[in-house]
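**Student:** This is the structure I want to talk about, given as structure tokens.
The values are calculated or read from the model by the stated rules, or taken from the named source; none is laboratory data. Everything numeric in this text was worked out from a predicted model, so none of it was measured. A quick note on method: Cβ atoms are made from the backbone with ideal geometry, for glycine too, and the neighbour counts reach across all protein chains shown. For accessibility, only protein heavy atoms count, side chains too; no ligands or nucleic acids. Shrake-Rupley method; radii C 1.70, N 1.55, O 1.52, S 1.80 Å.
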Amino acid sequence: MRNGLMDIRNGLQKLTMKRLHNFAQVLGSYYRSRITGKPDIKGLPVALAFEPTTSCNLRCPECPSGLRSFTRPTGMLNTELFKSVINQVADRLMYLTFYFQGEPYLHPEFLPMVQHAAGFGIYTATSTNAHFLNDERARLTVESGLDRLIISIDGTTQQTYQSYRIGGNLNKVLEGTANIVKWKKTLKRNTPHIIFQFLVVRHNEHEIPEVYRLARQLGVNEVKLKTAQIYNYQHGSDLIPVNEKYSRYRRMPDGSYRIKNSLDNHCWRMWHSCVITWDGKVVPCCFDKDAHHVLGDVSRQSFEEIWHSDMYRDFRAKLLISRKQTEMCANCTEGTRVWA
């Protein structure tokens, strides 16, 4: 609990009047849009995600990076392009995620980019499989100013872990975690806030109590259980947990599965955040993994032009009319609540 309060306090300390005013503008325009049914947008995003790379060292079965199934090219984010966008939005941006697809630590300039954003007082976060957190990289991570480090750990034994994290080594994950904890203590830092993210699927749901024990043992700040997105869920999957509370899907009397979300015709994410791919394409959210809905290109336009463009407004309008008509939204359990 104390660790969670420290993380909240850290985030609150980064707030400025300009960021709070921008948040109020975004929130107000979101609710006006819901009430009127017409897309209205004021301000700039409260949160932003950048994709350092699409490359990954693992082959997870429900991940486009792991499956090597992208139709878009693989590559690395240009550091100068990243800095250009951050410089445009930094005074109003509250939360920056260095993750979309791929493994962020494969980008050689990942931590300098974190340091650049942290210099503006932006809350920074990333998600990693933790295979590259050797002692030196762990020290640099703590020194970079990264606020939140999400470590994917989907099993507490090698056999369970590798059944989803194909090609992964659980010992490397645990060693990398221990390195981060060590350097936080050595450097007397409270950040990054370390989260063990446990993607709950059928073969690992029995290990949920153990991941909490392991987190306490290592000094991890928090454990988060995550439901798995299954692409072809309608007829079931070996990955869907037996315990339905850990699943995004509900089993119907006829044996088919339906998503639990009611898919109301609105989405907070379309107003408060977006994702920028490694090559500068702006896509509406992290569910558009293959960038089918490109709304602009920051290498050719200013970010503000894209955010307030007719194309973006038309996309928001579609969701206000019928969210189910957009394929990526039909398998989404998030976005309908503020800070979902």
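**Student:** Hey, rough spin-label estimate for residue 235 and residue 304, points 7 angstrom out along Cα→Cβ, what's it come to in nanometres?
**Tutor:** Spacing of the two 7 Å Cα→Cβ label points: 5.2 nm.
**Student:** Continuing with the same structure: Compute the length gained on full extension between residue 57 and residue 71: take 0.36 nm times their separation in residues and subtract their Cα-Cα distance, giving the result in nm to one decimal. Walk me through the intermediate numbers first.
**Tutor:** Numbers: separation 14, 0.36 × 14 = 5.04 nm, distance 1.85 nm.
The span from residue 57 to residue 71 would gain 3.2 nm if fully extended.
**Student:** Could you pull the accessible area for residue 310 with a 1.4 Å probe, rounded to 10 Å²?
**Tutor:** Spelled out: residue 310, probe radius 1.4 Å, area about 100 Å².
**Student:** Find me the longest stretch of the chain that has none of the exposed trypsin sites (Lys or Arg not before Pro), where exposed means in a DSSP loop (not H, G, I, E or B) with at most 10 other Cβ atoms within 10 Å. Mind showing how you got there, number by number?
**Tutor:** Numbers: sites that count: 188, 300, 337.
With a cap of 10 other Cβ atoms within 10 Å, the longest stretch comes to 1-187.
**Student:** Starting from the residue with the highest accessible area, list 94, 270 in decreasing order, probe 1.4 Å. Present the calculation step by step, with values, prior to reporting the outcome.
**Tutor:** Working: 94 45, 270 5 Å².
Greatest to least solvent exposure: 94, 270.
**Student:** Does the chain come out rounded, prolate or oblate, given a ≥ b ≥ c as the square roots of the eigenvalues of its C-alpha gyration tensor, rounded meaning a/c under 1.5 and, failing that, prolate meaning a/b above b/c?
**Tutor:** Details: a/c = 1.56, a/b = 1.11, b/c = 1.41.
Oblate shape, in that a/c is at least 1.5 and b/c is the bigger or equal ratio.
**Student:** Right, another one. So what is the 222 nm mean residue ellipticity for the chain from helices alone, if each DSSP H run of at least 4 adds -39500 (n - 2.57) and you divide by all residues, rounding to the nearest 500 deg cm²/dmol?
**Tutor:** Details: 12 runs with 123 residues, N = 340.
So the calculated ellipticity at 222 nm is -10500 deg cm²/dmol.
**Student:** Further, regarding this structure: Would you mind computing, in nm to one decimal, how far apart the modelled labels at residue 245 and residue 159 are, each placed 7 Å from Cα along Cα→Cβ?
**Tutor:** My value for the distance between the label points is 2.7 nm.
**Student:** Can you tell me the accessible area per residue over the range 140-215, all protein chains present, probe 1.4 angstrom, in square angstrom? Could the numbers behind the result be given before it?
**Tutor:** Values: 3020 Å² over 76 residues.
So the range 140-215 comes to 40 Å² accessible per residue, rounded to a whole number.
**Student:** Suppose R0 equals 51 Å; then what is the FRET efficiency for residue 13 and residue 254 from their Cβ-Cβ distance, rounded to the nearest 0.05? Please list the in-between numbers first.
**Tutor:** Values: r = 52 Å, r/R0 = 1.03.
Efficiency for this residue pair is about 0.45.
**Student:** Does the range 192-276 come out rounded, prolate or oblate, given a ≥ b ≥ c as the square roots of the eigenvalues of its C-alpha gyration tensor, rounded meaning a/c under 1.5 and, failing that, prolate meaning a/b above b/c? It would help to have the intermediate numbers written out before the result.
**Tutor:** On the way: a/c = 2.87, a/b = 1.23, b/c = 2.34.
It is oblate, given that a/c is not under 1.5 and a/b is not larger than b/c.
**Student:** Also, quick follow-up: Please compute the length gained on full extension between residue 78 and residue 205, using 0.36 nm multiplied by the number of residues separating them and subtracting their Cα-Cα distance. Walk me through the numbers before you get to the answer.
**Tutor:** On the way: separation 127, 0.36 × 127 = 45.72 nm, distance 3.90 nm.
Using 0.36 nm per residue and subtracting the Cα-Cα distance, I get 41.8 nm.
**Student:** Can you give the accessible area of residue 128, probe radius 1.4 Å, in Å² rounded to 10?
**Tutor:** Here the accessible area works out near 0 Å².
**Student:** Provide 70, 50 ordered by accessible surface of protein heavy atoms (probe 1.4 Å), highest first. List each step's numbers first, then the result.
**Tutor:** On the way: 70 35, 50 0 Å².
Ranked list, largest accessible area first: 70, 50.
**Student:** Please identify the chymotrypsin sites (Phe, Trp or Tyr not before Pro) of the range 115-157 that satisfy two criteria: DSSP loop assignment and at most 15 other Cβ atoms within 10 Å. Which are they? All intermediate terms of the calculation are to be shown ahead of the outcome.
**Tutor:** Values: sites: 120, 123, 132; in loops: 120, 132.
Sparse-neighbourhood loop chymotrypsin sites (Phe, Trp or Tyr not before Pro): 120.
**Student:** Whenever you get a sec, compute what percent of the accessible area on the chain sits on carbon and sulfur atoms (1.4 Å probe). Mind dumping the intermediate values first?
**Tutor:** On the way: 7970 of 15430 Å².
Roughly 52 percent, rounded to a whole number.
**Student:** Taking the simple approach of a point 7 Å from Cα along Cα-to-Cβ for both residue 224 and residue 212, what is their distance in nm?
**Tutor:** Here the modelled spin labels are 1.8 nm apart.
**Student:** Taking the Cβ of residue 19 as the centre, find all other residues whose Cβ is under 10 Å away and add up their charges (Lys, Arg: +1; Asp, Glu: -1). Don't jump to the answer; show the numbers that get you there.
**Tutor:** On the way: positive: 14, 18, 92; negative: 91.
Net charge around residue 19: +2.
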